[in-house]
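Report on the following structure.
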Amino acid sequence: MAKSSDLEELKGIGKEVVGKLNRLNIYNKDDLINYFPRRYEDFSVITSTSKLRPGQVTIRATIKQVKGRYVRRGMHITEAVASDETGSVRLVWFNQPYREGSLKLATEYYISGNFELSYQRLSIMNPSVELVSDFPVNTARILPIYRETKGMTSRQIRRFLRELMPLIIELPETLPDWLIKEQKLKSRSWAYQKTHSPKSMEELKLAQYRFGFEELFGLSLASLINKNEIDSEKTLSIEFDEKLAKKFVANLPFKLTDSQRKVIWKIYQDFQKSQPMNRLVEGDVGSGKTVVAIMASLMVINKGYQVAFMAPTEILAKQHAESIYDLLRPLKLESAVGLLVGGMTTAAKEKARKSIKNGKIKIIIGTQTLIQEGVDTHKLALVIIDEQHRFGVEQRRDLIAKAGYMPHVLSLTATPIPRSLALVLYGELDISIIDTKPLDRKPVITKLSSNNARPQIYREIDKLLSGGHQMFVVCPVISESINPNLRSSEEVYDDIKNHAFKDRRVGLLHGKLPAKKKNDILQEFIDHKLDILVSTTVIEVGIDAPGANIIIVESAEQFGLAQIHQLRGRVGRNDQQAYCYLMLSANSPPSRRLRMLETVNDGFKLAEIDLEIRGPGAIYGKLQHGQLDLRFAKLSDHELIAKARESAEKFINLEENLVKYKELSSHIANLTAVTSLN
């Protein structure tokens, strides 16, 4: 019975049932085996009827009597009495008339359900009933509950999986024997059996531990394979020029923080190696990552090589170009800065390409399209990626093909990444953290508010707008949603423009607008031609609006802490006091989680809290190239991550042949893409 063979080979599965299973993304036996329960209900403890207490219960009893009747509005009720040696209990089913004919009197059954008060009598409501046997499927055990669809219940899925048990028992191992023994793991086959049919919660925990370890081991191994591949490549080594670095720092209009100095020195050390640097610099909003990038670029252009600086948006690329131009002017190096973005005229693009080719432009600033624009980057020695987190395998290959070697890669992100997530997802990167902010930056004052307080808040904001401030208003959705708690950007824009702030200049921005329209609206806001910009989360990264000191986040409970922290990082990018108002949909008290935002300004601490409570999606949302699919492992389990990482390192150090492990090899091939691209 091959795993990929038709589902119709299983008893009770015809074309109609196959269609229902397909709706659950189950197309073959392999999909069914890997269709894991969402939760479990424990009916494994058998209680005598005399000791029943309200809640989930299981009894072993004989049916003494059963009868059904129709009551008002066509509702059918089936009632039965079940007895054991200690007493009797009433059973009740609603709209299940077949029960009367299916239950046999004087026959012993396992009966599982909720023991609760109904019509002023304690009864077991809508229970599952099964003849007593050594292998009950739907009673007297820990019941796996699966995601269901119309016409396909957990009861049916459990029955199909029971038929597949002979196949599950024969499942091959995916991990090396030495690893299973060393980490005291249960076999893969055993883990599948106990996940779908555990006899105890202890068995279930051991099965879930096995799968969780394997998930983290796979991700760790994939990222280490990526790292080894990068380390095996050759690049240009770049010497450190101390005089040039000191001259640049002396001309800065501000003082470097100790964190910035440490990170810059790490980069300079990387440059002197023949292996390409692959470093991620994390820093909260306003921590000064751009200056670190410029100091890295300085050493590269000093040796006659070129730098590609990729920003997430054209507007931010233009802003970077202006700030880098200004900072290099005291060294008379401003002519080395050039911009190449899609919005430029054909003539301007062609002129930029020529200046890049002849070496006049040494710091090329644009978006990721830089390497797709037919640019001759044969002298490229450093790639800087701002807010893209990762430079992918394909881009790497493109650059190697052009230059003949792998450039150094420096990634910058303001997204605080918890260490555990970074180890699993970014294992091939060296990570540096800038954990201090410039002294002139004031923490953003954050306030949680209900709709009742909106009029008062609007009056406060109007005074600030009169003083020349600007405001972002961020909404979770573009258009009206079926969820009444979600305020849409279109609804809020209409209210603000025509009512609350009708005397102000208001713009609307969201992801469905054409690229040019989005850029034009953003530029108007940056140029202070708009007072208020109503938007979705498209402003989360890639925007620097120095005049914005107010942000309202609508339906704040819909967002993760890390994401809200990112959004409030759009304001307060000057020496003025900034404000963030978190508007709650309902008038109920805010959660303790959201309250953290009023007192905690440390993005890394908030990201750790988010990871613990809401998982990686609260930090990243959906990851491209396959969501980070951890069905068993928790990224807050530091001990398990460390064990998986150590085992992955040992696997590589032992020079294990991955091809020997067919399923593991196939899985790792997919994961190397997930852990290389984001």
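The values are calculated or read from the model by the stated rules, or taken from the named source; none is laboratory data. Model, not experiment: these values are computed from the prediction. All Cβ positions, glycine included, derive from the backbone under ideal geometry; neighbour counts span all protein chains shown. Ligands, DNA and RNA are stripped out before the accessible areas are found, and what is left, the full protein with its side chains, is counted by its heavy atoms. Shrake-Rupley method; radii C 1.70, N 1.55, O 1.52, S 1.80 Å.
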Per 0.36 nm of contour for each residue apart, how much would the distance between Asp231 and Tyr70 grow if the chain were fully extended, relative to their Cα-Cα spacing? 50.4 nm
Kindly write out, for the stretch 303-311 in residue order, the coupling ³J(HN,Hα) from the Karplus curve 6.51 cos²θ - 1.76 cosθ + 1.60 (θ = phi - 60°), rounded to whole Hz, with x marking Gly and Pro. 9, x, 9, 10, 10, 9, 10, 9, 9
Assuming 0.36 nm per residue, please report the length gained on full extension of the stretch Glu656 to Thr153 beyond their Cα-Cα distance. 176.7 nm
Given labels modelled 7 Å from the Cα in the Cβ direction, how far is it in nm from Asp6 to Arg53? 5.3
Under 5 Å between amide H atoms, partner at least 5 residues away or on a different chain: which partners does Val477 have, H built in plane at 1.01 Å? Ser489
Share, in percent, of DSSP beta bridges within the chain that are antiparallel, nearest 5: 40
May I ask you to derive the FRET efficiency for Lys447 and Met125 from their Cβ-Cβ distance with R0 = 45 Å, giving the value to the nearest 0.05? 0.45
Which pairs break 23 Å Cα to Cα here: Lys262/Lys437; Lys497/Lys529; Lys289/Lys512; Lys502/Lys529; Lys289/Lys362? Lys289/Lys512
Can you give me the long-range amide H partners of Thr58? Hydrogens built in the peptide plane at 1.01 Å from N, cutoff under 5 Å, separation of 5 or more residues or another chain. Thr47
Contour minus Cα-Cα distance for Ser118 and Met201 (0.36 nm per residue): 26.8 nm
With a 1.4 angstrom probe the carbon and sulfur portion of accessible area for the chain, in percent, totals 49
Taking the Cα centroid of the stretch 453-522 and of the stretch 75-95, what is the distance between the two, rounded to the nearest whole Å? 58
Sequence order, the stretch 354-368: Karplus ³J(HN,Hα) from phi using 6.51 cos²θ - 1.76 cosθ + 1.60, θ = phi - 60°, Hz rounded, Gly and Pro as x, gives 5, 5, 6, 5, 7, x, 5, 8, 10, 10, 9, 10, x, 9, 4
Going Cα to Cα from Lys360, which lysines come in below 21 Å? Please leave out same-chain ones fewer than 8 positions away. Lys303, Lys318, Lys332, Lys349, Lys351, Lys379, Lys402
Within the stretch 16-159, how many Lys pairs sit with Cα atoms under 24 Å apart, leaving out pairs fewer than 8 places apart on the same chain? 6
Under 19 Å from a label point 7 Å along Cα→Cβ of Lys605: give me every residue in the stretch 267-309 with its amide N that close. 283-287
Setting aside same-chain residues fewer than 8 positions from Lys650, which lysines have a Cα under 26 Å from its Cα? Lys181, Lys184, Lys186, Lys205, Lys227, Lys234, Lys273, Lys634, Lys660, Lys662
If you compute semi-axes √(5λ) of the Cα gyration tensor in Å for the structure shown, which of (1) 56, 34, 21; (2) 39, 33, 26; (3) 49, 31, 22 do you land on? (1)
Relative to the longest principal Cα axis of the chain, at what angle does helix 515-526 sit, 0 to 90 degrees, rounded to 10? 70
Where does each of Phe94, Phe559 land when they are ordered by accessible area, with a 1.4 Å probe and the largest first? Phe94, Phe559
To the nearest 0.05, what FRET efficiency results for Lys502 and Tyr27 with a Förster distance of 56 Å applied to their C-beta separation? 0.50
Going from most exposed to least, what order do Asp495, Asp520 have by accessible area with a 1.4 Å probe? Asp520, Asp495
Would you kindly derive the ³J(HN,Hα) couplings of the stretch 447-456 from the backbone phi angles with the Karplus curve 6.51 cos²θ - 1.76 cosθ + 1.60 (θ = phi - 60°), listing them in order in whole Hz, with x for Gly and Pro? 10, 8, 9, 9, 4, 4, 8, 4, x, 5
Degrees separating the helix 154-163 axis from the principal Cα axis of the chain, which is the longest one: 80
Taking the Cα centroid of the stretch 13-34 and of the stretch 568-605, what is the distance between the two, rounded to the nearest whole Å? 45
